[in-house]
Amino acid sequence: MASVLTEKMSFPSATTTMRLFNTLSGETDELVPVDGKELRMYACGPTVYDYGHIGNFRTFLEIDVLRRFLKLTGTPLRHVMNITDVDDKIIRNSAAAGVPIGEYTAKYVNAFFEDLDALRVERPEVIARATETIDRMVELIQKLAEAGAAYRTEDGSWYFRIKSFPEYGKLSKKDLSGMEDGARVDVDEYEKDSARDFALWKAAKPGETSWETPIGRGRPGWHIECSAMSMKFLGDSFDLHAGGEDLMFPHHENEIAQSESVTHKPLAKHWMHVRFLLVDGKKMSKSEGNFFTLRDLLLKGYKASAIRLALISVPYRHQLNFTFDGLADATAAIDRLRTFYDRLMKGAFPAGENSEVQEAAKKARDAYFAALANDLNTAEARAPIFELVRLSNTAMDQGKFQQEDREAVKAVLADFDAVFAVIEDRDTGPTQRAVEWAKAEGREEDVAPELLAVGLTDEAIKALLAERDQAKKRRDFARADQIRKELTQRGILIEDSKDGVRWKRK
Ligand SMILES: [Zn+2]
């Protein structure tokens, strides 16, 4: 199956022009490379202080849908994603853990990429790290100071002067008329609607990670990191900047102010914001008990493909209400696709073609491309594919599906999987890795029993039962109970009978 789906994709006959909602213009604008060559896009990456939750991954997945669709329609890409590996939280957490920030973040950087692989999110062309781009940030702050847009405070920190940039607020459309000149904020994230002069550079505090630079000893603010990294790899002005909706203000507004005060060019022509998700109709939070990392869901026994499909099936600008019912629906949908694909590939069909199937395949394909080209409407894009599967199944049941129909339908499914990436089954690896991780982290209790039984051979089970028998004979009931408990935890049901012990997998 793998080889077939990764064959070279066929492209639609007419060039598909992508239209994407642009937060900056407030309209659904065409998305084409300004330089006529490649589409240069920047997406805000993770701040690596913890494991990613499904809200974070929804954003990365929707950006992956965009990326994959652009590739499918023949648009060359230069996609840059940053890793924020220094910020307030990282400094606080690494200090609490008593390790250098590099050591603290390495674990979460690795986990992040493992999670992206599990969800089949493609790697961007460039991955930039904040701690490797400090010199560019310092240069940018120096230029801002020269332009009168940055000032130094007594403690040696540097701030951006909002009053120097009259367009401040143009992205988030906030009314900032009442803003106070000189009111400052030094935390990386702030929620208030009022604009404040924000920290570009924070003077070193005792015990904190810092860099010795021409503007003093200290560390960068979060916002300047993205301005420096995006312009380093994409130039002063590029095609698209993407991120979660929570980043629109102040993060992206601040990026625009910092960059444009120096370059006097639009930082990005197009801005894409992915909406946040709800879980069971509520905002996801640890205190509500509805907070899930990707790993939490894998350990519950949900497949990575189902999580991917559940998170991308609602178009990116719509609020997604994530539920376990939704995840079960996604699982069933993938089963339907995979079962059909198997039937399509293995079935023996009579020679020739059925014009009804041929026509349906063509219509499905056109509808699929049109829906994705229309502001990435993933819900409308998947519908014709499932309709084609239904129609083809019926034709097969009636003996009306023919050999050349296989090629036509296969080509449509290949285009579908080039973006949705769920038909090809790559689910075993991520689940196994999550289980291994849980064991290493002492979180075995969170693992669904049926997952622990995976890898436990019949021989291993029999050996444990024999050991339990021996333990009972020597009246070591503690050991016997321990073995029983271990087997139960791994999904093996044991029943003692007068004929001996019987067992089965749950
Ligand atoms: Zn950013």
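Against the globular-protein guess of 2.2 N^0.38 Å, express the Cα radius of gyration of region 106-248 as a ratio, rounded to two decimals.
Details: Rg = 16.7 Å, N = 143, 2.2 N^0.38 = 14.5 Å.
Normalised Rg, Cα atoms only: 1.15.
Any number yet on Rg/Rh for the chain, C-alpha, Kirkwood?
Values: Rg = 27.1 Å, Rh = 25.8 Å.
Expressed as Rg/Rh, it is 1.05.
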Going by alpha carbons, how many degrees (0 to 90, nearest 10) lie between the helix axis of 458-473 and the longest principal axis of the chain? 80
Rounded to a whole %, the carbon-and-sulfur portion of the accessible area of region 373-488 at a 1.4 Å probe is 47
What angle, in degrees between 0 and 90 and rounded to the nearest 10, separates the Cα long axis of helix 477-489 from the longest principal axis of the Cα atoms of the chain? 70
Over the Cα atoms of region 310-406, what radius of gyration and what Dmax do you get, in Å? 15.3, 47
Helix 324-346 versus the longest principal axis of the chain: what angle, 0 to 90°, nearest 10, using Cα atoms? 60
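Given a cut-off of 16 Å, what percent of all Cα-Cα pairs of region 363-451 lie beyond it? Please list the in-between numbers first.
Values: 2535 of 3916 pairs.
Tail of the P(r) past 16 Å holds 65 percent of the pairs.
Using 0.36 nm per residue of separation minus the Cα-Cα distance, give me the extension gain between residue 208 and residue 466 in nm, one decimal. Mind dumping the intermediate values first?
On the way: separation 258, 0.36 × 258 = 92.88 nm, distance 5.69 nm.
Contour length minus the Cα-Cα distance gives 87.2 nm.
Could you rank the peptides 83-89, 486-492 by their average count of other C-beta atoms within 10 Å per residue, with the highest value first? Write down the numbers at each step before the final one.
Working: 83-89: 21.1, 486-492: 17.9.
Top of the packing list down: 83-89, 486-492.
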With just the Cα atoms defining each centre, how far is region 298-328 from region 229-274? Give it in Å. 29
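Based on the Cβ-Cβ distance from residue 346 to residue 283, what FRET efficiency comes out when R0 is 56 Å, to the nearest 0.05? It would help to have the intermediate numbers written out before the result.
Details: r = 46 Å, r/R0 = 0.82.
The formula returns an efficiency of 0.75 here.
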Mind checking which lysines have their Cα closer than 20 Å to the Cα of residue 107? Skip sequence neighbours fewer than 8 apart in that chain. 89, 439
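The values are calculated or read from the model by the stated rules, or taken from the named source; none is laboratory data. Not measured: the values here are computed from a predicted model. Here the Cβ is made from the backbone with ideal geometry for all residues, glycine too, and neighbour counts use every protein chain on show. The protein model used for the area step is the full one, side chains on, heavy atoms only, and it has no ligands, DNA or RNA in it. Shrake-Rupley method; radii C 1.70, N 1.55, O 1.52, S 1.80 Å.
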